[in-house]
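Only one structure is covered here, and it is reproduced in the block below.
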Amino acid sequence: MSEKKIFSIDCEVDGLYGKSFAIAVTVRLNGEEVSQFQGRIPDEEVRDTWVRENVLPALKDMEVTHSSSEELEEAFWDFWMSQKEGSTVIAHCGSPVESGLFRRCVERKLDERQWSGPFPLHEVGTILYGIGSDPCSVDSYNKANGIEIPFAGVAHHPMYDAQSAAVAWEHAMKRVIQASC
């Protein structure tokens, strides 16, 4: 399992079913990051009150890189296409947010993209549930197992969340493989 390329994505959206305003991906191979993507749009584009109060503060050090959600999502799509080959795609509780991101990207150019999304999109929460851990918290799993996050940040920062999910996945999958032997 450690020889697989892991594409761990986290996306922040304007309301649970809204458009993306911050996206991060860590691509890992053999437990090491080999590539990453980070993108964000201006805070003024975010309308949801809960998101403005609870998510935007975590992004204070994240650079604004794009002017609109569509521009950000298209940059993400280009990155995805450059990393797609051989990737195992993961997200912590990837529906509806990360699955929605992929869907919006595909639907923008459905004829050319409909077969290019990830299949499957693996759920870190499901692996945690399967090994008896809280499926809703990679942070509690990582803390309980002494796993350090390779990004200095906090929950709701998409790079922190993507890296937290990646290291939890790697650790949990080793446990699953060992248990099946």
Positive-end residue, segment 48-172 charge dipole about Cα centroid, Cβ charges, pick of Ile149, Leu72, Pro57: Ile149
Cα-based helix-to-principal-axis angle, 69-83 vs the chain, degrees rounded to 10: 40
Accessible surface, per residue, of segment 1-154 when the full set of protein chains is kept, probe 1.4 Å, Å²: 55
Alpha-carbon Debye profile of segment 1-61, log10 I(q)/I(0) at 0.14, 0.16, 0.23 Å⁻¹: -0.48, -0.58, -0.87
Relative packing of peptides 102-109, 143-150, 71-78, 90-97 - highest average C-beta neighbours within 10 Å first: 90-97, 71-78, 102-109, 143-150
Two-decimal log10 I(q)/I(0) for the chain, as the Debye equation yields it once each C-alpha is a single scatterer, q = 0.08, 0.09 Å⁻¹: -0.23, -0.30
With all protein chains modelled, accessible area of Asp14 [1.4 Å, Å²]: 40
Gained length - Glu33 relative to Lys60, 0.36 nm times residue gap less alpha-carbon distance: 7.4 nm
Acute angle (nearest 10 degrees) that the helix 97-108 long axis makes with the longest principal axis of the chain, alpha-carbon atoms: 50
Heavy atoms of His66 accessible to a 1.4 Å probe, total area in Å² rounded to 10: 30
Accessible surface of segment 47-146 [probe 1.4 Å, protein heavy atoms]: carbon and sulfur percent: 50
The chain: calculated mean residue ellipticity at 222 nm from DSSP helix runs of at least 4, using -39500 (n - 2.57): -12000 deg cm²/dmol
Distance (nanometres) between label positions extended 7 Å along Cα→Cβ at Val154 and Asp134: 1.8
Dipole magnitude of the chain, debye to nearest 20 (Cβ charges: Lys/Arg +1, Asp/Glu -1, about Cα centre): 560
Calculated diffusion of segment 122-181, Stokes-Einstein form, Kirkwood radius summed over Cα pairs, 37 °C and 0.692 mPa s, µm²/s: 284
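The values are calculated or read from the model by the stated rules, or taken from the named source; none is laboratory data. Quantities reported herein were computed from a predicted structural model and do not represent experimental measurements. Cβ atoms come from the backbone with ideal geometry, glycine included; neighbour counts cover every protein chain shown. For accessibility, only protein heavy atoms count, side chains too; no ligands or nucleic acids. Shrake-Rupley method; radii C 1.70, N 1.55, O 1.52, S 1.80 Å.
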